[in-house]
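Chemist: My questions will all concern the structure given below.
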Amino acid sequence: MNSPNQSDVIVIGGGPAGATASTLVAQQGYSVKLLEREPTPQYRIGESLIPETYWTFKRLNMLNKLRTSHFVKKHSVQFVNSSGKLSAPFNFFEHNPHECSQTWQIRRSEFDAMMLQNAQEQGVDVAQGVRVLDVLFQNDRAIGVVIKNAEGRREELLARVVVDASGQSSMILNKFKLREPDPELNKGAIWTYYEGAYRDEEPNAGATIVLSLKNSNGWFWYIPLHENTVSVGVVADFDYLFKERQDHATTFQEELINCPVVKERLSLGTQVAKVRATRDFTYRSKQAAGNGWVLVGDALGFLDPLYSSGVLLALKSGELAADAIVEGLRKNDTSKELLGKWAEEYFKGMNRMRRLVVEFYNGFNFGEFVKCYPHHKGNVTNLLIGDLFKDELDQVFLDIDRMKSKDM
């Protein structure tokens, strides 16, 4: 039996990745302590789920909480090209007539609180208002953390495995200089919220809409949330969005002029939040694990938000890491090799979504591609819904390259 300062697993960070990893390990009877710096879940961006999250939610016993929540149901996604032409709704149910094809548009502070409560209900010791000051190492092995607790006292907490789910400021990512930026996806975003803006009729009232700018330099997201609120933001190259521009609010209004469909939709509503901005979206870690430690979620990497893959990748990395941790604890083997055994396949899946993002920014026409290769329609759909971890999907990109070479 572990002492109060000793756990099987310590998880740093209470976002979706940390909550997932901690819950799935605790379900197997191991002692898990989750440390979250904030006393209550804070505002975060990343509000649109994609269908493949369903299967992790099922393992987490989260589905009933989501079904009975007031989150807006999402059945589809639509695209608007630079000429303002709206595509037909991309209905998930047509691809797979199963409950998993309906997902949600979430408010992250509420969603993260639900995930933490769910973790507690399944045996995770959740401590909020706790700041992790350092990760403890013995030689090259992580053995615990140093914290400042809610009362301001320093403590050492020991564990057989440390999971770093602390986001982009990850201690381990920075300690070992593991961050690799993506030179092709050096993007930024500026966003805000409107109340009372235009919504489509059901069943597409909860659809995410991706709208290209007239000059094709970027795109807007348009995400309907509950309480008649819409999340709306513009994503573009860092230099275009931030260099030689005025303040973020002015840039946002200038880009609305560059996207008349969004401007018209918002004309019916009122801005109800400040304009926010973030930079340097896409990066990944050189490795997912070491002896006694694992990275998950944004500590492991982040991909451009185009296809709303952020929460999916957080959940999936948390799930895969948890399964490896449970195996390692059973075998008394918490080596880098075992704790990171899932990383190669995970990065393959992330790379498939990344390639889809890059092709979008390069102006590739997926409609024309499906016309030329109709047998790939299901595979392209799998990529868009987040079903990324299948080797047969790689044939899509071989045929994209073949089609592009014919056009040259």
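The values are calculated or read from the model by the stated rules, or taken from the named source; none is laboratory data. The model shown is predicted, which means the values in this text are computed figures rather than measured ones. Here the Cβ positions follow ideal geometry from the backbone for every residue, glycine too, while neighbour counts run over all protein chains shown. SASA here: full protein model, heavy atoms, side chains in, ligands and nucleic acids out. Shrake-Rupley method; radii C 1.70, N 1.55, O 1.52, S 1.80 Å.
Chemist: Is at least one residue of region 307-324 closer than 22 Å to Gln395 by Cβ, of a type outside the set (Lys, Arg), part of a helix (DSSP H, G or I) and open to solvent by 10 Å² or more (accessible area, probe 1.4 Å)?
Modeler: Checked region 307-324: at least one residue is closer than 22 Å to Gln395 by Cβ, of a type outside the set (Lys, Arg), part of a helix (DSSP H, G or I) and open to solvent by 10 Å² or more (accessible area, probe 1.4 Å).
Chemist: When region 175-213 is examined, which residues are found to be closer than 21 Å to Ala88 by Cα and surrounded by fewer than 16 Cβ atoms within 10 Å (Cβ to Cβ)?
Modeler: Glu201, Glu202, Pro203, Ala205
Chemist: Here is a further query. If we only count helices (runs of 4 or more DSSP H) wholly inside region 359-407, which ones have 3 or more residues that are modelled with pLDDT of 90 or more and open to solvent by 60 Å² or more (accessible area, probe 1.4 Å)?
Modeler: Where helices (runs of 4 or more DSSP H) fall fully within region 359-407 and carry at least 3 residues being modelled with pLDDT of 90 or more and open to solvent by 60 Å² or more (accessible area, probe 1.4 Å), they are 394-407.
Chemist: Sticking with this structure for a sec: Kindly provide the set of residues from region 215-237 that are open to solvent by less than 40 Å² (accessible area, probe 1.4 Å), within 27 Å of Glu359 (Cβ to Cβ) and touching a residue at least 40 places away in the same chain (Cβ under 8 Å), ordered by number.
Modeler: Scanning region 215-237 gives Trp219, Phe220, Trp221, Tyr222, Ile223, Pro224, Ser231, Val232, Gly233, Val234, Val235, Ala236.
Chemist: Regarding region 74-95, can at least one residue be identified that is at pLDDT 95 or above and aliphatic (A, V, I, L, M)?
Modeler: no
Matching residues to (1) β-branched (Val, Ile, Thr); (2) over 30 Å from Lys263 (Cβ atoms):
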{"site": "Ala150", "(1), (2)": "no, yes"}
{"site": "Val161", "(1), (2)": "yes, yes"}
{"site": "Lys175", "(1), (2)": "no, yes"}
{"site": "Lys187", "(1), (2)": "no, no"}
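Chemist: Report, by residue number, each residue of region 151-198 that is of a type in the set (D, E, K, R), modelled with pLDDT of 95 or more and part of a loop (DSSP other than H, G, I, E, B).
Modeler: Correct list: Lys177 only.
Chemist: Filter region 243-284 down to residues that are open to solvent by 30 Å² or more (accessible area, probe 1.4 Å) and assigned to a helix (DSSP H, G or I), then give me how many there are.
Modeler: Residues flagged as open to solvent by 30 Å² or more (accessible area, probe 1.4 Å) and assigned to a helix (DSSP H, G or I) within region 243-284 amount to 10.
Chemist: Return the residue satisfying two criteria in turn: it lies in region 334-354 and is under 17 Å from Leu295 (Cα atoms) and free of Cβ contacts under 8 Å to residues at least 24 places away in the same chain, and of such residues it is surrounded by the fewest Cβ atoms within 10 Å (Cβ to Cβ).
Modeler: Glu344
Chemist: Something else: Name the one entry in Thr192, Thr250 that is under 24 Å from the mean Cα position of the chain (by Cα) and not charged (D, E, K, R).
Modeler: Only one candidate qualifies: Thr192.
Listed here are the residues, each with its yes/no results for (1) open to solvent by less than 20 Å² (accessible area, probe 1.4 Å); (2) more than 30 Å from Trp191 (Cα to Cα).
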position: Thr23; (1), (2): yes, yes
position: Gln27; (1), (2): no, yes
position: Glu47; (1), (2): yes, no
position: Lys74; (1), (2): yes, no
